[in-house]
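The values are calculated or read from the model by the stated rules, or taken from the named source; none is laboratory data. If you're wondering where the values come from, they're calculated on a predicted model, not measured in any experiment. Here Cβ is always computed from backbone atoms with ideal geometry, including for glycine, and neighbour counts include all displayed protein chains. The protein model used for the area step is the full one, side chains on, heavy atoms only, and it has no ligands, DNA or RNA in it. Shrake-Rupley method; radii C 1.70, N 1.55, O 1.52, S 1.80 Å.
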Amino acid sequence: MPNDAALTSLDALVASPFARLAELLKGLKPGKTPIDLSLGEPRALVPTFLGPVLEEHLAEFGRYPPIRGIPTLREAIAKWMGRRYPALAECIDPERHVLPLNGSREGLFSAIFPALARKPSIERPVVLIPNPFYQAYAAAAAASGALPHFFPSTSKTSFLPELDAIDEGLLKRTIALYLCSPANPQGAVAPRAYLAKAIELARRHDFLLFADECYSEIYSDEAPPGALETAYSSTQSLANVVAFQSLSKRSGLPGLRSGFVAGDPDFIAAFSRFRNVACPQVPLPIQHVSVVAWGDEEHVEQGRALYRANFELADAILGRRYGYRRPAGAFFLWLNLADFGGGEGAATTLWKECGVKVLPGAYLARVEPDGGNPGRDCVRVALVHDADTTREALTRIVATLG
């Protein structure tokens, strides 16, 4: 017989925040024409090269793709990494360091299994996860049987897990640490010194640092540092570090489902063997589009310009309300609405009174042992629309909440 308590715990662990939001707003009519700011789905124009490249390779949908991707894709990714992170120029081997993925979520989930297999003798293995977090991390822990251990990432810790607070006994049982920078939902960027400390912990205790960097190309001023460049700059080694990337946010192509993982060559080899029997290949036409996307920066800068314009609107319209601060990266606002009924109360009010849909922060976080939820008072707002829609939505929020 199934363990009902275990099922309840699993359901809570992997509950979709968007399903919970739909239930919260069920039966409620929006006060105005709806504007959805709950989903981090880029709404910029699709790059113009997409259609012609797809059309040129349509016949290749009739072929099984190689699990490791076509050589030109791995080479395009390696070249992009060298341009984006000069410390990695000519250091990324397309054969040993790169593996294409069906978007970063697929990789962030499935990578936990070869990570677990690296340390078969550990009893009660642990996965370290920031709190709030991307739900794929918890789903990976749940599916693998590892114990998820959540670390609050609040304003007190600069919205990053406090690495010095991790118990040594816990570190000895750790198989992987998930770290998202720029962070979803808070937009915090991990400095190089922080990344170096995380890498040192991973190597000292021989676990994997899973660096989720899918928002790395969305920033206002300074490009965020990367985990792989930090690792290689100090030791000329990528051991124990892998980074996950995607065209979803960088290129505004969430429906393409194309990304990659790169780093530790031993882990990449093991992950490739695992994916060969357990994970879907990237369709060949999608791989050809991806080659062009990783080689082009013009469309990326156009997207960055759109997000910069939206954050300038947020600066002007929100000011210092609701604990607003302009994030260093990504395209989310993390607003504190404790005075308006917390995340759920504010989300309900905004939907009913002005038709703006936002995501309660509690749905992106787990309750801590002390009973607190680091997202309870907050909402996540995705600034992914054009400037006119963003201006209207933010103006409605201020008019409704005051």
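Note on Asp386: accessible area approximately 80 square angstrom, rounded to 10, probe 1.4 Å, nucleic acids and ligands left out. For segment 135-218, the set of GluC sites (Glu not before Pro) satisfying both a DSSP loop assignment and a count of at most 15 other C-beta atoms within 10 Å is given as Glu162. Backbone geometry of segment 37-53 corresponds, through the Karplus equation with coefficients 6.51, -1.76 and 1.60 at θ = phi - 60°, to 3J(HN,Hα) couplings of 10, 8, 9, x, 10, x, 10, 5, 5, 5, x, 5, 6, 4, x, x, 5 Hz, x marking Gly and Pro.
Taking every Cα-Cα distance in the chain and sorting them into 10 Å bins starting at zero, the pair-distance distribution P(r) comes out as 5, 23, 32, 26, 13, 2 percent.
Between His288, His57, His299, where does the largest GNM mean-square fluctuation fall for the chain, given springs only between Cα atoms within less than 10 Å? Greatest mean-square fluctuation among the candidates belongs to His57.
Between Leu335 and Val379, Val381, the built amide H atoms are under 5 Å apart, and every one of these is 5 or more places off in sequence or on another chain. The residues of the chain have, on average, 42 Å² of accessible surface per residue, using a 1.4 Å probe with all protein chains present. Placing pseudo-labels 7 Å out from each Cα toward the beta carbon at Leu50 and Lys197 gives an inter-label distance of 4.0 nm. Estimated from the Cβ-Cβ distance and a Förster radius of 25 angstrom, the FRET efficiency linking Ser234 and Ala117 is about 0.35.
The length gained on full extension between Glu368 and Arg204, counted as 0.36 nm times the residue separation minus their Cα-Cα distance, comes to 56.3 nm.
A simple spin-label model places the labels of Glu60 and Arg83 1.9 nm from each other, with each point 7 Å out along Cα-to-Cβ. Between the amide H of Gly329 and any residue lying 5 or more places away or on another chain, no distance stays under 5 Å, with hydrogens modeled in the peptide plane. Take the Cα of Asp386, step 7 Å toward its Cβ, do the same at Ala143, and the gap between the two points is 3.8 nm.
Annotation: the antiparallel percentage among DSSP beta bridges lying fully within the chain is about 45.
Per-residue 3J(HN,Hα) values for segment 22-34, derived from phi via the Karplus relation 6.51 cos²θ - 1.76 cosθ + 1.60 with θ = phi - 60°, read 4, 5, 4, 9, 4, x, 9, 8, x, x, 9, 3, x Hz in sequence order (x marks Gly and Pro). For the chain, carbon and sulfur atoms together expose 54% of the accessible surface, with a 1.4 angstrom probe and every protein chain in place. Taking amide H atoms as placed 1.01 Å from N in the peptide plane, the amide H of Leu208 lies under 5 Å from those of Ala176, Leu177, each 5 or more residues away in sequence or on another chain.
Considering only Cα-Cα distances, which of the following residue pairs are longer than 25 Å: Lys156/Lys197; Lys119/Lys249; Lys156/Lys357? Don't skip to the end; give the middle numbers.
Details: Lys156/Lys197 18 Å; Lys119/Lys249 33 Å; Lys156/Lys357 28 Å.
In this structure, Lys119/Lys249; Lys156/Lys357 lie more than 25 Å apart at Cα.
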